[in-house]
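Structure first, commentary second.
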């Protein structure tokens, strides 16, 4: 997996979640807290999610073959989508079920120091993982807001880890609040309410992740900055005078397909056009290194062709 995949953040989150899951299950065994059980299952689901992200990153490195000539880069999107499903079903739905059951049949929390101690430990561990994810993301985020980064990031791993860690920290606060109120009032129903809130939170996060990774699976174009660089690099002002229209598609987070119809001089020879196309491809790859697959079609510029090509619903060739 490339550096943009945030491998360090994934490994940090995996280590933290495995340790936290073990601690939560111990706390549940001694205290009977449903919040602890829900949080333990949540941490196990998160650990599985990080394993899925690492597996997706590994599969995405497979070389292109005859069956998949554009490679396997989208494996990372597929596994990112699987993470949202796991988070929804195992994390969110299970917590909702446990919360409802606890509200229906509440009981007091035994050995309160177990859940409280484990929750405090978990907050520290998740905070460390979240800090690592933030530091890794800041290298790519630039001046974008966090919401914009999560919405536009082409690599699914960092947004997934960020939202998981953020959800885990909020969930821990909710679980701690439920346990503390249950202890203070002697009413175990508050533990169930805390669990129910955790379930709602996880379902919302899972739906956000599913929406974003679905968009990546469908195929997203390059961002505005990359598009501008590609257009500028394609034109040399001599043989290539303009970009009539262009389509881009992410074959994976670190691989971009570029297909463009470029305007050339009407009296250029075939050899001159061929050399100009080769030079334009080289300039594009230098300007946008992830532009690995480039198809340039020469044509004589016309307003009608440019207008048709600007519409994605236009017929192939823009004519």
Scan of segment 205-225 for residues that are in a helix (DSSP H, G or I) and in contact (Cβ under 8 Å) with a residue 40 or more places away in the chain, ordered by number: 205, 206, 207, 208, 209, 210, 212, 213, 214, 216, 217
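For (1) buried (at least 16 other Cβ atoms within 10 Å of the Cβ); (2) more than 24 Å from the chain's Cα centre (by Cα), each residue gets a yes or a no:
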site	(1), (2)
225	no, no
229	yes, yes
238	no, yes
247	no, no
261	yes, yes
276	yes, yes
Those residues of segment 265-304 which are part of a strand (DSSP E or B), over 19 Å from residue 228 (Cα atoms) and modelled with pLDDT of 90 or more, in sequence order: 298
Of all residues making up segment 229-260, the number that are touching a helix residue (DSSP H, G or I) at 6+ places or on another chain (Cβ under 6 Å) and over 25 Å from residue 72 (Cβ atoms): 8
Test result for residue 11, within 18 Å of the chain's Cα centre (by Cα), surrounded by fewer than 22 Cβ atoms within 10 Å (Cβ to Cβ) and assigned to a helix (DSSP H, G or I): yes
Which numbered condition residue 133 fails, given (1) farther than 21 Å from residue 185 by Cβ; (2) without any contact (Cβ under 8 Å) to a residue 12 or more places away in the chain: (2)
Flag for residue 147 being within 22 Å of residue 164 (Cα to Cα), surrounded by 13 or more Cβ atoms within 10 Å (Cβ to Cβ) and at pLDDT 85 or above: no
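The values are calculated or read from the model by the stated rules, or taken from the named source; none is laboratory data. Note that this is a predicted model, so its numbers are computed, not measured. Because the Cβ atoms are built from the backbone with ideal geometry, glycine has one as well, and the counts that use them run over all protein chains shown.
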